[in-house]
Amino acid sequence: MNILDKIVEKTKLRVQKLDLSSLKNAAENLPECGPVFKNALIKNDDIKIIAEIKKASPSKGLICPEFYPVEIAKEYKIANVDCISILTEPYFFLGDNNYIKEVKKEVDIPILRKDFIIDEKQIYEAKIIGADCILLICAVLNENKLKRFLELADKLNLSALVEAHNEDEIKLALDSGAYMIGVNNRNLKTFEVDFNNTFKLRELVPDNIIFVSESGIKTREDIIKLKEHKVNAVLIGETFMKSENKILEIQKLRGQKI
């Protein structure tokens, strides 16, 4: 069993404890809001930054021992990032739903719930905890589920970032009606990183689809290359989480004078 399979098995145990009826009722009674996450990624021609908040990962172990999500989010706000991604998977990434709730109270930046969604219960749950966007991973969903989850997210006014890693998954995302596609340069089964994965798969995605490159992005030179390939946004986690000065790190990636 590879790492992704193990994560999915643990996620199934979490989902079993959730009550669909109560989640659905709570989510559908929340005030309506627009697709703020999606809108944040199309506001101008600059490459957008989705800055991640995560404590650990299966490939790197504990990344950030001194972990204060709200303080990290405040730094991201000062740095004027476009969106924030927050890990909520508890076993392999040491995430927590409360991280989104806490950050949402203090920072008005659109939030992606970064988790392994395999059941509609988790989409209602994402709405309730304050997420503006959900991640739908092609590697763990078939076309029928992906379409249903996209429709449900739309009904709840949640944006949806569909993550793909290869040509077949790009086709699955497009056939399912994805309007935001994230290409993960990290193989979720082996956790090896191949930065060229973005360049290869970008050619398969129409320009009217928001295209996000995820994982392995570390330098200003990386950003320049991605922009040349018409990448709309980058999702960066480990580089920021390991940095002692996240604001400075973001300024350097943007090529801003320091």
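Among the residues of region 19-64, write down those that are in contact with a Gly (Cβ under 6 Å, 6 or more places away or on another chain) and either basic (Lys, Arg) or over 25 Å from Lys218 (Cα atoms) (or both).
Result: Lys54, single match.
Select from region 49-85 the residues that are open to solvent by less than 50 Å² (accessible area, probe 1.4 Å) and without any contact (Cβ under 8 Å) to a residue 40 or more places away in the chain and write down the one among them that is nearest to Thr11 (Cα to Cα).
Ala56
What single numbered condition from (1) open to solvent by 10 Å² or more (accessible area, probe 1.4 Å); (2) farther than 26 Å from Lys55 by Cβ fails to hold for Ile128?
(2)
Taking Leu253 and the conditions (1) aliphatic (A, V, I, L, M); (2) over 26 Å from Glu169 (Cα atoms); (3) open to solvent by 60 Å² or more (accessible area, probe 1.4 Å), which numbered condition does it fall short on, given that it satisfies the others?
Of (1) aliphatic (A, V, I, L, M); (2) over 26 Å from Glu169 (Cα atoms); (3) open to solvent by 60 Å² or more (accessible area, probe 1.4 Å), only one is false for Leu253: (3).
Pick from Glu163, Glu89: which is over 19 Å from Ile217 (Cβ atoms), touching a residue at least 40 places away in the same chain (Cβ under 8 Å) and open to solvent by less than 40 Å² (accessible area, probe 1.4 Å)?
Only one candidate qualifies: Glu89.
Taking the criterion of being crowded, with 17+ Cβ neighbours inside 10 Å, in contact (Cβ under 8 Å) with a residue 40 or more places away in the chain and more than 14 Å from Leu161 (Cα to Cα), would at least one residue in region 101-108 satisfy it?
Checked against the condition, which is being crowded, with 17+ Cβ neighbours inside 10 Å, in contact (Cβ under 8 Å) with a residue 40 or more places away in the chain and more than 14 Å from Leu161 (Cα to Cα), region 101-108 yields at least one hit.
So, in region 9-46, of the ones that are open to solvent by less than 20 Å² (accessible area, probe 1.4 Å) and aliphatic (A, V, I, L, M), which residue ends up farthest from Ile78 (Cα to Cα)?
Checked region 9-46; the qualifying residue farthest from Ile78 (Cα to Cα) is Val15.
Being touching a Ser or Thr at 6+ places or on another chain (Cβ under 8 Å) and either under 18 Å from Lys10 (Cβ atoms) or among the β-branched types (Val, Ile, Thr) (or both) is the filter here; which residues of region 136-165 pass it?
Val162
Considering each residue of region 218-248, count those that are among the charged types (D, E, K, R), closer than 18 Å to Lys74 by Cα and touching a residue at least 12 places away in the same chain (Cβ under 8 Å), and give that number.
Count: 3.
Is there any pair linking a residue in region 172-197 that is under 21 Å from Asn232 (Cα atoms) to one that is open to solvent by 10 Å² or more (accessible area, probe 1.4 Å) and hydroxyl-bearing (Ser, Thr, Tyr), with Cβ under 6 Å and at least six apart or on different chains, and which?
Final answer for the pair search is Asn184/Ser215; Asn185/Ser215; Arg186/Ser215; Val193/Ser215.
I'd like to know if region 179-186 contains one or more residues that are more than 16 Å from Ile50 (Cα to Cα), open to solvent by 10 Å² or more (accessible area, probe 1.4 Å), modelled with pLDDT under 95 and not hydroxyl-bearing (Ser, Thr, Tyr).
Yes, because at least one residue in region 179-186 is more than 16 Å from Ile50 (Cα to Cα), open to solvent by 10 Å² or more (accessible area, probe 1.4 Å), modelled with pLDDT under 95 and not hydroxyl-bearing (Ser, Thr, Tyr).
The values are calculated or read from the model by the stated rules, or taken from the named source; none is laboratory data. Since the model is a prediction, treat every value here as computed from it, not as a measurement. As a convention, Cβ positions derive from the backbone with ideal geometry for all residues, glycine included, and neighbour counts pool all protein chains shown. Accessible surface areas use protein heavy atoms only, side chains included; no ligands, DNA or RNA. Shrake-Rupley method; radii C 1.70, N 1.55, O 1.52, S 1.80 Å.
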